[in-house]
Amino acid sequence: MRLKTSLLKEPKHKELVSCLGWTSADELYSCSDDHQIMKWNLLNGETTLVVKLPDDTYPIDLHWFPKNLGNKKQGQSDVFVLTSSDGKFHLITKVGRVEKSVEAHSGAVLTARWNFDGTALVTVGEDGHVKIWSRSGMLRSTLAQNGLPIYSIAWGPDSEKVLYPLGKQLIIKPLQPSSKVLQVWDSYGRLLYSSPSHEYPITSVSWAPDGDLFAVGSFHTLRLCDKTGWSYALEKPNTGSIFSIAWSVDGTQVAGACGNGHVIFAHVIEQHWEWRNFEVTLTKRRAMKVRNVINDAVDLLEFRDRVIKATLKYGHLVVSTSLQCYVFSTKNWNTPLIFDLKEGSVSLILQCERHFLLVDGGSLYLYSYEGRLISTPKIPAIRTDILNEQTVSLSNDTIAIKDKTDEKLIYLFDALSGKPVGDGKPLAHKIEIVEIALDQGGQLNERKIAFIDKNRDLYISPVRKFGKEQISIKIGSMVHTLAWNDVSNILCGIQDNRFTVWYYPNVAFVDKELLPKTISEKDGSEYSKSPQIISFVGNKVTIRKSDGCLVHTNISSYPAILHDYSSTAKWNDALRLCRFVKEQTLWACLAALAIANKDMSTAEVAYAAIGEIDKVQYINSINDLPSKESRLAHIQLFSGNFQDAEAIILQAGLIYQAIQLNIDSYNWERALELAVKHKTHVDTVLAYRQKYLEDFGRKETNKRFLQYKEGVEVNWEKIKAKIEMELAKERERGSAGPTRSSVSM
């Protein structure tokens, strides 16, 4: 990736250019100390004078009114705020008419910024004040008063706080007066990255709209970096100091305000995508080169408009331009599917095996690879322009989106209908969530989501959980980056300088004690600080180090084969594979997979292979149960799912077995509740309760048990006879069920 810069032979401004801003992807306004505001049209190359400011007005900063209000696209902004050295800010229209000038600060107004929905304006100045204004320029509050000048300011994503530098500190100041003020780098005060010293002072920085890249300006210097600090490109144009940098709304180009009167333009080119044996490179703004590394075949792809976003996965290249979406198949590069975009401002593309998701303007659109619109999930009050691959995830049946207003919540949608999953409630975590990822294999009812929270703990949770509390289980700590395999439900991540692979993360819901035995770890110190997992395709994991270098590491291919055998119920093949490989990790995965798929014969062999004799004995006891329902219930009990086990038995009408299940688990009140509700075996519950208390030398204190004890006679002979009758009925019921040699459910 690099920048292709363009600079006119002669500058259009006569003095230094202090600020600039884009109105659209092809139109830019610039302001200079020569008191002129100029409009640049990149389509026809024309530069026109908009207005000449008074001679005593020296512009410092410019910011256009936001284009997306409440996720409704306006097309172009019609007004901008301009700050000046005389202590004023000015609201100016596109045609150059000054609608309002406001005395704002004592000394120069150094920066002004609209919030993201255009309801407020914040200004800072040489006097050290931070002030909040209404859309029309009326003073709402003075947020802070400091003894040092404040040179820049930024709104938080929720428009509820602002960030500004003060001397050597960064201050996060909430708008609420009673809220705590933070002096930080990130929300925990950690310095995420620090570059070496540059040759000259850094005069400007600016993030791209999607938050993946940022540009840095200095004297005769324009640098392109990504969010980990790695520098992609370094240009040395003849610009003097670059005092301001602005990204176009589509994130494909930057403009810089130069000290010698120039305005420099730079386009991001040579972006690179890889998938299996294909490499795609953006060679020009409207052209791509595709190379097949197996046979060295090269295809050239040309587009009518400039390329904004692209992604290559699952045998398809999806490209969005400023007006259209192109879908190429890796089997045929000559005839792409083309359809018009709804809004023409795509900020994110996500792919899965069967379809892809576009974040276009203020909406989300799910398309098939044939170009058919599948669904449009609706999310209340969420800023789509800041969604990225860490906050949105896609699988064949589910869309997951992290809420930015409350970062403890994850919204889950059915991919085909676009409606919320289950009861519609979002998945809630106890602290803020940083990154989310849906697994890609398996069936809809087995879908899991992995997420990292701000403590860098890794959790896994089921996506579909009807009418029950959402269960999230911690499976890792100090995890910095993660990725699911593109086909199998295998998860990899880097935790605490170790590269870790969870070969079967779902084991946490099947037999949590097996979790450590299904994990592979190796030293990850070679990846240095802040590595990022780029992809996990097949058995190859691609990791980008903090210096930008790509490192590939391979994992064992056997777990993926085992997952495939499990999904097709080829248990004999799975056993043969484990006997051939002779690895404890693989046997542990097979044990958990067999339990999850209710194949107890295979589970028995696998548990025996890893020395879990107590579990082998328990499986034998399950196999000896007389009815299918009891076996299913005890398999759920084996995995710790007590409520599911009880529900299976009750649904089958086995009331005594449900009561006994609670007695065996010492859930005395629930056992009595079931007995009273169904008017059976109340004496059984009381008898077992009495024996339990006698064994421990205790007296009954529970009022409910004391109440029923007075009116119910406990006769062990009668109780044993009733129990034998219940078991006989169950044996008779299960006589037509599976035999001991065929216990797969």
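Okay, here's what the table says:
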item	result
Selection count, the range 421-438, where residues are under 11 Å from Phe451 (Cα atoms) and outside any strand (DSSP E or B)	2
Counted residues, the range 664-692 - those being open to solvent by 10 Å² or more (accessible area, probe 1.4 Å), in a helix (DSSP H, G or I) and over 14 Å from Gly711 (Cα atoms)	12
Odd one out for Glu432, checked against (1) crowded, with 18+ Cβ neighbours inside 10 Å; (2) within 17 Å of the chain's Cα centre (by Cα); (3) not polar (S, T, N, Q)	(1)
Only listed residue being within 30 Å of Ala592 (Cβ to Cβ), of a type in the set (S, T, N, Q) and free of Cβ contacts under 8 Å to residues at least 60 places away in the same chain, chosen from Asn667, Asn702, Asn715	Asn667
One residue from Lys598, Lys540 being among the basic types (Lys, Arg), open to solvent by 30 Å² or more (accessible area, probe 1.4 Å) and touching a helix residue (DSSP H, G or I) at 6+ places or on another chain (Cβ under 8 Å)	Lys598
Number of positions in the range 233-254 that are open to solvent by 20 Å² or more (accessible area, probe 1.4 Å), part of a strand (DSSP E or B) and over 10 Å from Ser218 (Cα atoms)	3
Qualifying residue in the range 261-274 (condition: under 30 Å from Cys19 (Cβ atoms) and of a type in the set (D, E, K, R))	yes
Boolean, Ile649 is assigned to a helix (DSSP H, G or I), open to solvent by less than 40 Å² (accessible area, probe 1.4 Å) and more than 28 Å from Asn702 (Cβ to Cβ)	no
Cβ pairs under 9 Å, 6+ apart, first in the range 437-462 and farther than 15 Å from Val392 by Cα, second basic (Lys, Arg) and assigned to a strand (DSSP E or B)	Gly442/Lys448; Asp457/Lys474; Leu458/Lys474; Tyr459/Lys474; Ile460/Lys448; Ile460/Lys474; Ser461/Lys448; Pro462/Lys448
Some residue of the range 442-450 being in contact with a Lys or Arg (Cβ under 9 Å, 6 or more places away or on another chain) and in a loop (DSSP other than H, G, I, E, B)	yes
Scan of the range 408-425 for residues that are surrounded by fewer than 19 Cβ atoms within 10 Å (Cβ to Cβ) and of a type outside the set (Gly, Ala, Ser), ordered by number	Lys408, Leu409, Asp414, Leu416, Lys419, Pro420, Asp423, Lys425
Failed condition for Gln271, given (1) modelled with pLDDT of 95 or more; (2) of a type outside the set (Ser, Thr, Tyr); (3) surrounded by fewer than 19 Cβ atoms within 10 Å (Cβ to Cβ); (4) under 28 Å from the mean Cα position of the chain (by Cα)	(1)
Filtered residues of the range 618-642 (kept if of a type in the set (S, T, N, Q) and closer than 27 Å to Asp573 by Cβ)	Asn620, Asn623, Gln636, Ser639
Pairs with Cβ under 6 Å, 6+ apart, first in the range 330-346 and on the phi < 0 side of the Ramachandran plot, second assigned to a loop (DSSP other than H, G, I, E, B) and open to solvent by 20 Å² or more (accessible area, probe 1.4 Å)	Leu337/Gly371; Phe339/Gly371
Elements of type strands (runs of 3 or more DSSP E) contained in the range 292-403, each with 3 or more residues being at pLDDT 90 or above and surrounded by fewer than 18 Cβ atoms within 10 Å (Cβ to Cβ)	297-302, 332-340
The lone exception for Met288 - which of (1) assigned to a loop (DSSP other than H, G, I, E, B); (2) surrounded by 15 or more Cβ atoms within 10 Å (Cβ to Cβ) it fails	(1)
Residue list for the range 468-498, restricted to those being farther than 25 Å from Pro426 by Cβ, open to solvent by 20 Å² or more (accessible area, probe 1.4 Å), of a type outside the set (D, E, K, R) and in contact with a helix residue (DSSP H, G or I) (Cβ under 9 Å, 6 or more places away or on another chain)	Val487, Asn497
Count of residues meeting criterion [in a strand (DSSP E or B), without any contact (Cβ under 8 Å) to a residue 12 or more places away in the chain and open to solvent by less than 80 Å² (accessible area, probe 1.4 Å)] in the range 7-52	1
Leading residue by the ranking (most open to solvent (accessible area, probe 1.4 Å)) among those in the range 53-83 that are modelled with pLDDT under 95 and among the charged types (D, E, K, R)	Lys72
Any chance Lys522 is open to solvent by 70 Å² or more (accessible area, probe 1.4 Å) and free of Cβ contacts under 8 Å to residues at least 24 places away in the same chain	no
Within the range 580-594, tally of residues that are open to solvent by 90 Å² or more (accessible area, probe 1.4 Å) and either in contact (Cβ under 8 Å) with a residue 12 or more places away in the chain or within 19 Å of Ile519 (Cα to Cα) (or both)	2
Filtered residues of the range 489-517 (kept if of a type in the set (S, T, N, Q) and more than 19 Å from the chain's Cα centre (by Cα))	Asn497, Thr500, Asn506
Lone qualifier among Leu661, Leu672, Leu650, Leu654 - being at pLDDT 85 or above and either in contact with a Cys (Cβ under 8 Å, 6 or more places away or on another chain) or more than 30 Å from Val507 (Cα to Cα) (or both)	Leu672
Ala608 vs. criteria open to solvent by 10 Å² or more (accessible area, probe 1.4 Å), more than 30 Å from Trp230 (Cα to Cα) and without any contact (Cβ under 8 Å) to a residue 24 or more places away in the chain	yes
Residue count, the range 1-34 (criterion: touching a Gly at 6+ places or on another chain (Cβ under 8 Å), more than 26 Å from Val109 (Cα to Cα) and among the basic types (Lys, Arg))	0
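Every residue, every condition in (1) aromatic (Phe, Trp, Tyr); (2) on the phi < 0 side of the Ramachandran plot; (3) modelled with pLDDT under 95, yes or no:
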{"residue": "Gly229", "(1), (2), (3)": "no, no, yes"}
{"residue": "Tyr232", "(1), (2), (3)": "yes, yes, yes"}
{"residue": "Val249", "(1), (2), (3)": "no, yes, yes"}
{"residue": "Gly256", "(1), (2), (3)": "no, yes, no"}
{"residue": "Val263", "(1), (2), (3)": "no, yes, no"}
{"residue": "Arg276", "(1), (2), (3)": "no, no, yes"}
{"residue": "Lys284", "(1), (2), (3)": "no, yes, yes"}
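One line per residue, one yes/no per condition, for (1) in contact with a Pro (Cβ under 9 Å, 6 or more places away or on another chain); (2) closer than 24 Å to His90 by Cβ:
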site	(1), (2)
Leu121	no, yes
Arg135	no, yes
Ala154	no, yes
Lys161	yes, no
Lys168	no, no
Ile172	no, no
Gln176	no, no
Val181	yes, no
Val184	no, no
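The values are calculated or read from the model by the stated rules, or taken from the named source; none is laboratory data. Quick caveat, the model's predicted, so the values are computed rather than measured. Ideal geometry is used to build each Cβ from the backbone, glycine not excepted, and the neighbour counts take in all protein chains shown. What goes into the accessible areas is simple: the full protein's heavy atoms, side chains included, and nothing from ligands, DNA or RNA. Shrake-Rupley method; radii C 1.70, N 1.55, O 1.52, S 1.80 Å.
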